[in-house]
Amino acid sequence: MADGRYLLAVDIGGTFTDLVLLDKATNAIAVGKVLTTYPDPSEAVLSGVQHLLTDHNVAPGSVQRVIHGTTLVTNTIIERKGAQTALLTTEGFRDALEIGNEGRYDIYDLGLIKPEPLVERRLRLGIPERMTATGDVLKTLDFEAMRAACDAIRREGVSAVAICFLHAYMNPAHELQAAEIVQELLPDVSLSLSHQVSPAMREYQRTSTTVANAYVQPVAERYLENLERGLNDADVRAPLTVMLSSGGTTNVETATAFPIRLVESGPSGGALAGVYWGKQLGYDDILAFDMGGTTAKAVLTRDGALTVASEAEVAHVHRFKRGSGLPLMVPMIQMIEIGAGGGSIAHLNHMGLPAVGPESAGSTPGPVCYGRGGTEPTVTDADLTLGYLNPDYFANGTIPLDDAAARTAFEGLAASLDVTPEKAAWGIHQLVNENMAAAARVHAAERGLNIRRYALVATGGAGPVHACGVAERLHVDTVIVPPIAGVGSAFGFLLAPISFDFTRSYLARLDALDFDKLNGVLGTLEDDGTRIVLGAGVPADQIRVTRSVDMRYLGQGYEIRVPFDAGAVDDALLEQILRNFEQEYIRFYGRLCDGVPVETVNWRVVISGPRLDLHDLKPPRYHETTAPDQPYAQRPLRFEADAPALMTPVFRREDLTAAFEADGPAVVEEAESTTIVLPGWAASLHANGCLLLQRKRPPMTDEEALS
């Protein structure tokens, strides 16, 4: 078998680790799913890779590239298990991490709790130095103070250092000088410099991002080194690339230097998969809904394309309250965490009302029905109690589920609510659906999008179970379940190009830009990006450059992103930039501010390689015949709180033919997931293997939906 024939994608989630193997010669796909291992998730990766290659008789040397996404960075921050970190910052600014933006994310909460900084105050050290907002030296760096700070850091046993000086994005000279001293006196610590990690204005966000990068860097470095070594020991010597939150991939060296760019690497794969499958069926407006074992994420396209945001938050004190998390200024596909996952725990909140999550049983011990020591009821336990899951065919039968234990797990919650365990499980299932629909609805409204015109693409192990329920609450009439929905994020990794994003702040009025300075900045960004992408193996003639700039009217606090063409910026290109700004501004706000000067804030460059052209994809277990389909079994499912269970036909997805059609209620089982077709819905099989679920009534008008 020829070398370089296969691509291997691996996604580590909180509960399961998913694997997808693509044969580039035939476009055939093989998949695998194993429980994530703790404390070392690389054990599950290596075990899963070995079994997948062996099961499909693929030689390890035939793998051309491994694409990997992980929740490691996010979990490290959420669980506060990163390295002990110190912050060196401009004297007088060490409390920026706690002061933040001086705002309250909930002005009516008298007991409001802000996110705890990742660096405790005694390890935040002020250094005499100062740059102006234009990059001029106001006070030179105090070298003696730097050496004293390094002595203090050594005594504390710190293993990571973040350096974030005021306005370093305009002039990094002091950060570079400080870095030389740290490297000389503390050669074993990891070092993160703000002008490299997040070279953009806004002091609190830039400091928070740099500190988070330093906090996770030693953990990410150890993990990626172990994973790379383990793959090599298993004779998989293909280059390892890592999924970025922006929807691209990069090499291990760059990922190790900027691990904060991996904070949403797994969910970004789900977004790419959602867009791909939607377009295969002719839908550009896609709600990509990815629900796994720990969380559920949603992504909305705009004009058929994903939106890459420049700011996000992690480790929220309150999951759905913006401003309650740690801010990060890194490029990231715009998405929201919209709810719980299969392992999220059901309980009564402080008001005595049913709630789900954010605590998750994960894979260890897992839901009660796993029989691995879990004692608290979860969403998976609820779905099993309602009959939605087959206890003998979960994860292709590798994890037998105990439906009696799942029902018993709800007895305590049911007693508190004075209902039966089945009704408690039904209520939890409905609550999860409603929470996810509400969050997606708000997300769409904030972006000015009419979500009722979208098609929902469901991925993740739990996504197809809940997809129809979420779609009904959103008044969405079309649901697409891809043929490998249960490993959707891992499949999405295959679609990601090798790329990297660069940003540089240059605050200036549009009519006062220094063309020489600006073109020098853009040229440097493009050179740096080209060097990284070339180093990841992309041929020079296949490198693509895209550019954009964040702009606003003078005096505004927030910007909109505007694309512009390649080439040296001159008066002609400046006119194009202004036209593009006005078009985007009207689209966002419906009007222009005539007579108000326009200014630029951040200039952005994305350097990327080619995307994989996946055509005539051959997913596993699909029959191109037209024989009528018959259910292989029936089982009782509950669809209402007080109504009796309905005997529901159950189909195996690997047995479906091109002629498959079924009216709900119905169940379609597969190795990695289960699709629930609710009453009032109809299911059919598209030519590419996607299940197409549609409501059996005319689309709701805007007036009907509002009523």
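Quick note: the coordinates plus some simple rules give every number you see, no bench work behind them. Computed from a predicted structure; not experimentally measured. Positions of Cβ are backbone-derived with ideal geometry, glycine not excepted, and every protein chain shown enters the neighbour counts.
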**Study point:** Under Karplus coefficients 6.51, -1.76 and 1.60, residue-wise ³J(HN,Hα) of region 369-380 in Hz, glycine/proline x
**Key:** 5, 5, x, 10, x, x, 10, 9, x, 10, 4, 4
Practice item. Under a cut-off of 17 Å between alpha-carbon atoms, report the aspartates and glutamates in cross-link reach of K24, not counting same-chain residues fewer than 8 places apart. Key: D3, D613, D616
Exercise for review: Would you mind computing the Rg to Rh ratio of region 373-419 from its alpha-carbon coordinates, Kirkwood style for Rh?
Suggested key: 1.01
Practice item. Evaluate the Kirkwood expression for the hydrodynamic radius of the chain, namely the inverse of the mean inverse distance over all pairs of different C-alpha atoms, and round to one decimal in Å. Key: 26.7 Å
Exercise for review: Report the relative contact order of the chain, percent, no decimals, based on alpha-carbon pairs under 8 angstrom and at least 6 residues apart.
Suggested key: 12 percent
Point to revise | Value of D in µm² per second that Stokes-Einstein yields for region 260-399, Kirkwood Rh from Cα pairs, at 4 °C (1.567 mPa s) | key: 77 µm²/s
Review point. Over all directions, what mean area does the Cα convex hull of region 172-244 project, stated in square nanometres?
Key: 6.4 nm²
Check your understanding: Which Cα, out of V161, Q634, A566, lies furthest along the positive dipole direction of the chain (beta carbon charges, K/R +1, D/E -1)?
Key -> Q634
Check your understanding: In deg cm²/dmol and to the nearest 500, what is the mean residue ellipticity at 222 nm of the chain if only DSSP H runs of at least 4 residues count, each as -39500 (n - 2.57), divided by the residue total?
Key -> -9500 deg cm²/dmol
Check your understanding: Rg to Rh for region 499-608: what is it, with Cα atoms only and Rh by Kirkwood?
Key -> 1.01
Exercise for review: Nearest 5 is fine: what % of DSSP beta bridges in region 79-219 come out antiparallel, could you say?
Suggested key: 15 percent
Review point. Dipole magnitude of region 499-608 about its Cα centre, charges +1 at Lys/Arg Cβ and -1 at Asp/Glu Cβ only, in debye to the nearest 20?
Key: 380 debye
**Study point:** Surface/4 estimate of mean projected area, convex hull on alpha-carbon atoms of region 124-191, nm²
**Key:** 4.1 nm²
Study note, to complete from the structure: Rounded to one decimal in nm, the spacing of the 7 Å Cα→Cβ label points at N688 and D392 is 3.5 nm
Review point. When we measure straight from the Cα of K81, which lysines land under 20 angstrom away, once same-chain ones fewer than 8 places off are left out?
Key: K114
**Study point:** Net charge dipole size for the chain [Lys, Arg +1 and Asp, Glu -1 on Cβ; Debye, nearest 20]
**Key:** 260 debye
Review point. Equivalent-ellipsoid semi-axes (√(5λ), Cα gyration tensor) for region 79-219, whole Å, largest first?
Key: 24, 19, 13
Exercise for review: Identify, among N396, W681, A59, the residue whose Cα sits farthest towards the positive end of the charge dipole of the chain, taking +1 on the Cβ of Lys and Arg and -1 on the Cβ of Asp and Glu, with the dipole about the Cα centre.
Suggested key: W681
Practice item. Report the antiparallel proportion of the DSSP beta bridges in the chain as a percent, rounded to a multiple of 5. Key: 70 percent
Check your understanding: So, in Å, what gap is there between the alpha-carbon centers of region 85-153 and region 354-373?
Key -> 39 Å
Check your understanding: By count of other Cβ within 10 Å, fewest leading, how are V63, V596, V197 ordered?
Key -> V596, V63, V197
Review point. How many angstrom separate the Cα center of region 228-249 from the Cα center of region 479-515?
Key: 20 Å
Exercise for review: Kindly put M351, M243, M131 in sequence by how many other C-beta atoms sit within 10 Å of each C-beta, fewest to most.
Suggested key: M351, M131, M243
